[in-house]
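Below is one structure, written out as structure tokens, with a few remarks after it.
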Amino acid sequence: MKVDLVIATYNRAEQLRETLANVRQFAVGLNTIYVVNNNSTDHTKQVLREIADHNTVVINNDRNLGAAGGKNVGLRNSTADVIIVIDDDALFCSDDPVGRVRELFGGDERLGVAQFSIINFQTRRILKYEFPGDDPERMGKETFEVGYFIGAGHALRKSMLEEVGYYPDDFGLYA
């Protein structure tokens with residue numbers, strides 16, 4: 001099973017640098033890392049030149065496509081079976097996130113989306129508004145089905161995207 005990773009970014013050069021350093025710790029299980037720069041006006045392009053390597057594809061958009069539009073560029077370029085999508089200020093906090101994604105998607109062909117536990121960077125806790133269940137303290141380490149997911153960190157089956165469609169390009173952040 002091929003697994004890619006997509007990050008869309010806009011004017012978050014230093015957060016992106018930290019995120020990519022974190023992601024690279026787990027890159028052994030990744031096919032390609034796609035970083036979509038939504039026409040940043042800070043020094044994001046410089047950071048992306050510094051971190052370029054053989055399995056990172058940088059896509060510089062000529063305009064800001066927003067969170068959904070930027071992610072769609074990476075998702076459409078990916079040829080992997082499963083695509084991990086994380087925000088440009090997100091960090092993996094588990095030992096083997098790519099292996100866990102392989103395990104989840106390999107064990108259930110019906111699975112289309114898996115949301116990661118989102119742990120707030122400042123508080124180091126799962127916040128209620130970043131959790132699709134009723135009780136993050138009790139349910140935070142469980143696997144369960146939900147009707148929606150938080151976009152900060154998740155994995156998508158490519159065949160599901162092809163069947164139901166990608167993010168609506170005009171969705172803004174939090175839409």
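The values are calculated or read from the model by the stated rules, or taken from the named source; none is laboratory data. All values reported here derive from a predicted model rather than from experimental measurement. In this analysis, Cβ positions are derived from the backbone assuming ideal geometry, glycine residues included, and neighbour counts consider all displayed protein chains.
Somewhere in segment 78-92, is a residue in contact with a strand residue (DSSP E or B) (Cβ under 6 Å, 6 or more places away or on another chain) and over 26 Å from Phe171 (Cα atoms)?
Checked segment 78-92: no residue is in contact with a strand residue (DSSP E or B) (Cβ under 6 Å, 6 or more places away or on another chain) and over 26 Å from Phe171 (Cα atoms).
Could you tell me how many of the residues in segment 1-53 are part of a loop (DSSP other than H, G, I, E, B), under 30 Å from Glu109 (Cβ atoms) and in contact with a Gly (Cβ under 7 Å, 6 or more places away or on another chain)?
Total satisfying the criteria: 1.
How many residues, within segment 64-119, are at pLDDT below 95, of a type in the set (S, T, N, Q) and assigned to a loop (DSSP other than H, G, I, E, B)?
Number of matching residues: 3.
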